[in-house]
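No lab work stands behind these numbers, since they all come straight from the coordinates. Source: prediction; values computed, not measured. Reconstructed Cβ throughout: ideal geometry from the backbone, glycine too, with neighbour counts over all protein chains shown.
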Amino acid sequence: MATQSSIRWLHRMDRIIQEACQYLQVSPEMLEGSSRRREVVTARQLVCYLLIRAGYGVSQTGLRLHRDHSTVVHAHRRVESSPILADQARELVETILPFVGEEGSEVSTLSQALSRVLLRSILGLITLQEARAVRAYVLGTLVACERVSSPLAIMGLIVTAEQPPVRQAVEGALAACGLSAHASLIPLHLRQVGVGRRIPPAGSRTPGVGGASQQSRAPGLW
């Protein structure tokens, strides 16, 4: 009988595949199928690599993607040996895995719930690097539930402010998690980094955001 822990582990695997497929613009069915189209083969290799880096074994990965042991091993080696694929894989690892949570972690925490909603909203709108930055800004600065790099959070703030669809996605993700009030801090943060003129001022005064360090859990950006 499957335990709750093993069920969470499998659900996490499914989320990783779903989010990676959304960004790579292939369906899970295509990954599991027999297509030899170049973009599908490349996506399959990247997902194999991503799952192994996420802590899943070669056998688990092969079983989930309907591939044998040697195919998964070959995919992993192919990614590692290709500079282009290795760069793509690194971006996937650095972006997708923080959104789905760490190995064995509970999926119901605020940061992970917000991460999942946010990722689904912004993938396809911006690059993986920009998605990482937006996540850092939202979880590290707006909600202050994670320790993040201040420069990365500032980049996420700028991306959020300069791209209306991203700003809308951030506000929607906050609302979905019952955190709508935090969106009112965005104009304040923009003024603090000297770009407040790019968006209309907030309609009401928001609380100050004070002196945080470069790596901080506080909602400050600097």
Checklist outcome for this item: Once Val73 and Glu29 are pulled to full extension, the length gained, defined as 0.36 nm per residue separation minus their Cα-Cα distance, is 13.8 nm
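R0 = 25 Å: FRET efficiency of Ser81 with Asp14, Cβ-based, nearest 0.05?
Approximately 0.35, to the nearest 0.05.
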Item to check | Karplus-derived 3J(HN,Hα), 6.51/-1.76/1.60, for each residue of the range 33-40, Hz, glycine and proline x | outcome: x, 9, 4, 10, 4, 4, 5, 6
Next on the checklist: Spelling out what I want: for every residue of the range 129-138, take phi, set θ = phi - 60°, compute 6.51 cos²θ - 1.76 cosθ + 1.60 (Karplus), and round to whole Hz; glycine and proline get x.
Outcome noted: 4, 5, 5, 4, 5, 4, 4, 4, 5, 5
Next on the checklist: Can you give the FRET efficiency to the nearest 0.05 for Gln60 and Ala175, using r as the Cβ-Cβ distance and R₀ = 45 Å?
Outcome noted: 0.80
